[in-house]
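Report on one structure; see the data block that follows.
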Amino acid sequence: MTDNRAIEDHLREEYFRLLPDIRRVAEYLEAEVKYFLLPIRRKLDRYEQVVVTSRVKDCDSALEKLRRKQEGATFDTEQPTLYTLRDLSDLAGVRVLAFPSGRFAEVDDEIRKRFESWEADPISLGEAETALVHRYSGYCREASDSVRGEIQIVPMLIGLFWEVEHSAIYKPSPDLKSVATDPEMRQCASKVYEALRDFERQFEFLLGDQKLGNR
Amino acid sequence: MVQAIDGKWKILREAEYTYDFRRMVYLNRRTKKVFSFEFVEDHSESEVQRCIDEPSNGAEWRFYFNSPPSASVQRELENVLG
């Protein structure tokens, strides 16, 4: 019988075997996304932003994520061969932060068109009826056949909130990531998303008013 | 959707369940019942309520999961949940 540590050791070995591929996918995907978004980025107004970044998921975060994917967040020690980090779609990730929502939609249209064979997995946040974050995953065959890449398109204010939250809490302690699933934490996060959405809506409303007034 | 979670969480909290974020389960140590995060997400408020109301002798842990946990996962959870 295997124990949890043996499963984790096996997954750590796998991670470092995959690492060159993960890096290649992240670099390739970032370059490709930046290239596809060039026409949009070149015509941005001064207050508008489209920022593309990439990241390689670190080893502990990858293990934690795989554990959280199991129901009861527990590995079955009697079936160690069930687990592979290749089941994660975000070992190599590209995030596009866009502001305001008009640019967000434009970026999403472009990415969806360019990566039409990729699997879409949008995320709803809080009480929003429509998806707030668009997420696509698939293989960049030019970079790797074994590691999938993920592209997230995120409203800029929410993305920046995530970055603060991540660097303050989850980066130092990946095992705390599941705190975000706590029902009361989800309610708190929902209020933050709602406030950020309202802020962006009001900004766009005023801006639209201003533009009409200038005509 | 937070609204949907709100309702289920209210039902669970009223039945004295707590949330263990490391194992992502709702549990009641007195009735020895464990609901996985996924099970609660995927079932309606009335289904969750029905499971809460099922009689329990409080002797052995009962797991409400979408896929029944294996014996070793049950053992591990029983160890960590006390």
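Please specify each residue of segment B:21-77 satisfying the condition of being of a type in the set (A, V, I, L, M), away from chain A (no Cβ under 13 Å) and either within 25 Å of A:Asp3 (Cβ to Cβ) or more than 10 Å from the chain's Cα centre (by Cα) (or both). Across segment B:21-77, the qualifying residue is only B:Ala59. Pairing residues of segment A:53-77 that are on the phi > 0 side of the Ramachandran plot with residues that are among the small types (Gly, Ala, Ser), at Cβ distances under 7 Å and at least 6 apart in sequence or on separate chains, gives A:Gly72/B:Ser36; A:Ala73/A:Ser178. Selection of segment B:7-53 for residues being over 25 Å from A:Arg67 (Cβ atoms), touching a helix residue (DSSP H, G or I) at 6+ places or on another chain (Cβ under 7 Å) and not β-branched (Val, Ile, Thr) yields B:Gly7, B:Ala15, B:Glu45, B:Gln49. As a summary of the residue check, B:Glu16 satisfies the conditions (1) assigned to a strand (DSSP E or B); (2) more than 11 Å from every other protein chain (Cβ to nearest Cβ) except for the one numbered (1). Residue pairs whose Cβ atoms lie under 6 Å apart, separated by 6 or more positions or on different chains, with the first residue in segment A:173-199 and assigned to a helix (DSSP H, G or I) and the second of a type in the set (Gly, Ala, Ser), are A:Pro174/A:Ser61; A:Ser190/A:Gly126; A:Tyr193/A:Gly126; A:Glu194/A:Gly126. The sole residue among A:Leu38, A:Leu82, A:Leu97, A:Leu44 that is within 30 Å of A:Ser173 (Cβ to Cβ) and either within 14 Å of chain B (Cβ to nearest Cβ) or free of Cβ contacts under 8 Å to residues at least 60 places away in the same chain (or both) is A:Leu82. The residues in segment A:18-73 that are within 21 Å of A:Gln152 (Cβ to Cβ) and part of a loop (DSSP other than H, G, I, E, B) can be counted, and the count is 4. From the list A:Glu142, A:Glu110, A:Glu204, A:Glu163, the lone residue that is acidic (Asp, Glu), part of a loop (DSSP other than H, G, I, E, B) and away from chain B (no Cβ under 14 Å) is A:Glu142. Sort out which residues of segment A:1-34 are within 14 Å of another protein chain (Cβ to nearest Cβ) and modelled with pLDDT of 95 or more, and write them in order of number. Of everything in segment A:1-34, nothing turns out to be within 14 Å of another protein chain (Cβ to nearest Cβ) and modelled with pLDDT of 95 or more.
The values are calculated or read from the model by the stated rules, or taken from the named source; none is laboratory data. Here the structure is a predicted model, which means the values were calculated and not measured. Glycine gets a Cβ as well: all are built from the backbone with ideal geometry, and neighbour counts include every protein chain shown.
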